[in-house]
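Written below as structure tokens is the structure these notes are about.
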């Protein structure tokens, strides 16, 4: 069931939704999309010069401790997916084979992309690059980018020298 659309009302509290995430408000959605574009710069990096046949659908969300990238790559084996971090750019690439290429078929509808894919995302500066990890399950690649723990500023006493 699609989320219900909450009409825009000045000062409206969205806590009246049956369950978290079950309401949709265009202004809230616009803000979240802007936040994602600002913090992860979705699509902010041009693809590499290699040939790309398709770009996987991607969700990005943030928790208190990490950024999470969830990418739909069904039909691709784990061994055919490459995840690299180059400077601050997360590069996910791979290849989904065309299993039907050898068979002669007349398609009535064709929506499943195959061939080379790549997705590039600029990650925020507060990501702990040494602890990024990925998991591939049920056609989804989940990449967790932990945030660097904020350290409290340490006061430093500066001694003033006398001439």
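Observations, loosely collected:
- Any hit, segment 130-145, residues being more than 17 Å from the chain's Cα centre (by Cα), surrounded by 13 or more Cβ atoms within 10 Å (Cβ to Cβ) and at pLDDT below 95: no
- Conditions (1) more than 18 Å from the chain's Cα centre (by Cα); (2) within 19 Å of residue 52 (Cα to Cα); (3) not in a strand (DSSP E or B); number of the one not met by residue 106: (2)
- Residues located in segment 48-75, provided they are farther than 26 Å from residue 130 by Cβ and part of a loop (DSSP other than H, G, I, E, B): 49, 50, 51, 52, 53, 55, 57, 74, 75
- Answer residue from segment 123-163, given it is in contact with a helix residue (DSSP H, G or I) (Cβ under 8 Å, 6 or more places away or on another chain) and assigned to a loop (DSSP other than H, G, I, E, B) and is nearest to residue 78 (Cα to Cα) among those: 123
The values are calculated or read from the model by the stated rules, or taken from the named source; none is laboratory data. Everything numeric in this text was worked out from a predicted model, so none of it was measured. Quick reminder, even Gly has a Cβ in these numbers, built from the backbone with ideal geometry, and neighbours come from all protein chains shown.
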